[in-house]
Amino acid sequence: SAVGRRMSAPPSPTLSGSSDGGGGDGEGSDGDQLFEEGVAFFSEQEYALAVNYFAKAAELGQADAMLHLGVCCRYGKGIEENHDVAAYWYTKAAVLGHSDRAMVMLASCYFMGEGVEQNYAKALKWYRKAADQGNPEAMFTLGISYSVGSIVEKSHVKAVEWLTKARDNGHLKAADEIKKILQRGDAEMKKPKQTLDGVCGKSLVVGLIIVALTFSLLFFLHLSRPSAGDGAEAVLSEL
């Protein structure tokens, strides 16, 4: 029985191959049914039972279950909070290629250094993959990245391009950011070119990108710093 069973953390957030499960998404197997049962238990606040069902479905290769299991591990719902295990399941789901939201969550892990070593290049890689699958939050984050410039080369053209895609895909803040970029570009054309070669200047640029991308992530999660009581519900309600 799944009742009372505790999921063991994997030894490390690395992949050892996917299990059999209908081509990676649990289709045609028990994975979908187990996942739906997990969702039902979660909605009833039976978090430990939900985790058990998500874990069983994830073991069958059900990508949505992997994502939900990662969120539960990230926020300590029905299982001990563990960012390493959360990143492991986000990775499993993202690598399968079926979940753009898992890609965004994994990208945020790499950006913040939660459960994995901080790596901006990998963060951008997964944001791009999610954006290519039509995820508006990933598009918005890429737009902000190019607008500020630091971990990617600054480009107002690419910034507006990604923000326009985000706007067209329903991101509520993208239009305002496009206006700010265009206004800032006009202002910069009217003043001498300035450099930020000093330590303070570089710190400012890095600070801006961190603030911008962190704000983007927090907007996706709809919370400032998740508490044990409502973080997972806020995230899963968006899935």
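The values are calculated or read from the model by the stated rules, or taken from the named source; none is laboratory data. These numbers come from a predicted model, not from an experiment. Ideal geometry is used to build each Cβ from the backbone, glycine not excepted, and the neighbour counts take in all protein chains shown. All accessible areas refer to the heavy atoms of the entire protein, side chains included, with ligands and DNA or RNA removed. Shrake-Rupley method; radii C 1.70, N 1.55, O 1.52, S 1.80 Å.
A few comments on the model shown:
- Single residue of 91, 141 found to be touching a residue at least 60 places away in the same chain (Cβ under 8 Å), under 29 Å from residue 50 (Cα atoms) and in contact with a helix residue (DSSP H, G or I) (Cβ under 8 Å, 6 or more places away or on another chain): 91
- Set side by side, the residues 28, 24 differ, and just one is at pLDDT below 95 and within 23 Å of residue 130 (Cα to Cα), which is 24.
- Which listed residue, of 45, 33, is in a helix (DSSP H, G or I), open to solvent by 50 Å² or more (accessible area, probe 1.4 Å) and polar (S, T, N, Q): 33
- Of the criteria (1) within 12 Å of the chain's Cα centre (by Cα); (2) closer than 24 Å to residue 155 by Cβ; (3) open to solvent by 40 Å² or more (accessible area, probe 1.4 Å), which one residue 132 fails: (1)
Each row is one residue, and each column tells you yes or no for (1) hydrophobic (A, V, I, L, M, F, W, C); (2) assigned to a loop (DSSP other than H, G, I, E, B).
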residue	(1), (2)
71	yes, no
74	no, no
93	yes, no
104	yes, no
115	no, yes
128	no, no
167	no, no
171	no, yes
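- Given (1) open to solvent by 30 Å² or more (accessible area, probe 1.4 Å); (2) over 19 Å from residue 110 (Cα atoms); (3) part of a helix (DSSP H, G or I); (4) at pLDDT 60 or above, index of the condition residue 200 fails: (4)
- The residues in region 60-90 that are open to solvent by less than 20 Å² (accessible area, probe 1.4 Å) and of a type in the set (Val, Ile, Thr) can be counted, and the count is 2.
- Test: residue 155 is on the phi < 0 side of the Ramachandran plot and surrounded by 16 or more Cβ atoms within 10 Å (Cβ to Cβ): no
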